[in-house]
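See below for the structure under consideration.
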Amino acid sequence: MNLMTILLQAAGGSTMSFWVMIIAMIAIMYFFMIRPQQKRQKEIQNFRNSLTVGQEVITSGGIYGKITHIDDASNTVTLEIATGVKIKMDKGSIFQNAAATQENTGK
């Protein structure tokens, strides 16, 4: 009887430690992988919402251009990529501020 009680308690303890480890791994994944990604996505969304005419930006395809028109209804932006050359793009494909990127690289 005593041996059976000891075995049942040992089995219950290992099950408890298993769940603690699983919860700890989920918490670690959340704080090191999911949360930073959500923070980055929020920063990108705030940047896209604060776009202004005349701002120099980089698209996700690597095209540098200057914003000439913003259409919030259709969620598009018109970029001037060279003198007289304009392209219409989805606002979601604007990736980052070109001026800030050039400052960071020292060019």
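Values in this text are rule-based calculations from the coordinates and carry no lab data. Here the structure is a predicted model, which means the values were calculated and not measured. Please note: Cβ atoms are built from the backbone with ideal geometry, for glycine as well, and neighbour counts cover all protein chains shown.
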Task: Rotationally averaged projected area of the range 26-86 (alpha carbon convex hull; nm²) - done: 5.5 nm²
- [ ] Give me the net charge of residue 89's neighbourhood, meaning all other residues with Cβ under 15 Å from the Cβ of residue 89; Lys, Arg count +1, Asp, Glu -1.
- [x] 0
